[in-house]
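Everything on this sheet refers to the single structure shown next.
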Amino acid sequence: MSAEWPARLPGLDINKALNQLGQKKALLVKLLGMFKNNHSQDVGPIQAAFAAGKWDEVHSLNHALKGVTGNLAADVLYGLCVEIDAAVKSDNHNIGHLVEKLPGAMAELLTSIDELLSLPLE
């Protein structure tokens with residue numbers, strides 16, 4: 001019996017991710033599990049660097065999160081990271097409103113990852 005996966009979950013464009021991965025559900029599940037294990041705490045250090053005015057650190061941490069969320073089609077969190085990246089690169093440090101949204105976007109993504117990880121592969 002084949003289980004239909006949703007096209008998207010909040011913060012996660014599943015169809016896009018599967019297209020990027022050659023429709024390999026098992027690979028997507030593996031990568032999302034790795035993201036959950038390795039990146040679920042990435043927002044805190046970005047917030048701390050922002051609060052301390054450490055712009056190189058904000059850029060570095062955010063840029064890494066941007067890369068991994070882009071590869072996973074985690075569109076909401078990725079979009080925030082793109083905006084932060086562009087602002088910091090242009091020395092615009094007025095990003096508090098964006099940094100404030102990071103925890104909610106991460107929580108939404110992690111909830112969607114948990115939901116997706118509970119679905120059968122076939």
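Taking 7 Å steps out from each Cα toward its Cβ at N19 and N94 produces label points 3.5 nm apart. The helix-only estimate of mean residue ellipticity at 222 nm for the chain, built from DSSP H runs of length n ≥ 4 each weighted as -39500 (n - 2.57), is -21000 deg cm²/dmol after division by the residue total. Modelled spin labels at V82 and S40, positioned 7 Å past Cα toward Cβ, are 2.7 nm from each other.
Amide H contacts of L9: I14, each under 5 Å away and 5 or more positions distant or on a separate chain (H built 1.01 Å from N in the peptide plane; Pro and chain starts excluded). Calculated from the structure at hand, volume of the Cα convex hull per residue in Å³ is found among [x] 94; [y] 170; [z] 85 as [z]. Computed from Cα atoms, the angle from the helix 102-117 axis to the main principal axis of the chain rounds to 10 degrees. Applying 1/(1 + (r/R0)^6) with r as the Cβ-Cβ distance of K30 and W5 and R0 = 22 angstrom yields a FRET efficiency of 0.90. May I ask for the angle, rounded to the nearest 10°, between helix 25-39 and the longest principal axis of the chain, with both axes built from Cα atoms and the value confined to 0 to 90°? So the helix axis and the longest Cα principal axis differ by about 30 degrees. Relative to the dominant Cα principal axis of the chain, helix 75-89 is inclined by about 20°.
Every number in this text was worked out from the coordinates using simple rules, so none of it is lab data. No experiment lies behind these values; they were computed from the predicted model shown. Virtual Cβ from ideal backbone geometry, glycine too; neighbours counted across all protein chains shown.
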